[in-house]
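As structure tokens, the structure follows; a few thoughts come after it.
Each reported figure results from applying straightforward, stated rules to the coordinates on display, with no laboratory input. Bear in mind that the values here come from a model prediction, so they are computed numbers and not experimental data. Cβ coordinates were reconstructed from backbone atoms using ideal geometry, including for glycine residues, and neighbour counts include every protein chain displayed.
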Amino acid sequence: MSEPNSTEDSQGAAPPRRTGKRIAGGIFLILASIALFYVGVDAIADPDAVVARSSKSARSPDTDAEAKIGGFILIMFGISVLGFGIGMIFSKGPLFAKRAD
């Protein structure tokens with residue numbers, strides 16, 4: 001059997017640096033989270049507008065409580081998307097990589 005080359009292992013140990021695609025993806029996720037925050041706050045602040053928009057659809061219209069719960073869910077999803085966007089920009093290595101012991 002051949003012995004593994006130790007120089008190949010040492011070269012692959014350094015985490016990859018931030019790339020342009022990674023920064024652009026992080027900025028896109030931050031902008032998407034801002035949009036989710038806006039829609040969520042709008043649904044909580046003015047549930048009557050959500051009910052009026054849903055009454056034009058074929059299904060039964062939303063209630064005020066459903067509009068507020070939907071807005072709250074959008075805000076929580078926006079927080080998680082914002083966290084991933086910030087993580088993509090400021091982390092130095094892959095987000096979900098296993099650490100070498």
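Averaged over all directions, how much area does the convex hull of the C-alpha atoms of region 36-80 cover when projected, in nm²?
Values: hull surface 11.3 nm².
So the mean shadow area of the Cα hull is 2.8 nm².
On a straight-distance basis, which lysines could pair with residue 92 in a cross-link, Cα separation under 20 angstrom, same-chain partners fewer than 8 positions away excluded?
Residue 92 reaches 21.
Starting with the highest mean, order 36-45, 50-59 by the number of other Cβ atoms within 10 Å, averaged over the residues of each peptide.
By packing density, highest mean first, the sequence is 36-45, 50-59.
Hey, for a label at residue 73 modelled as a point 7 Å past Cα toward Cβ, could you say which residues of region 24-38 have their backbone N under 20 Å away?
Taking a point 7 Å out along Cα→Cβ of residue 73, the residues of region 24-38 whose backbone N falls under 20 Å are 32-38.
Quick one: net charge of residue 48's neighbours, Cβ under 12 Å, K/R +1, D/E -1?
That works out to -2.
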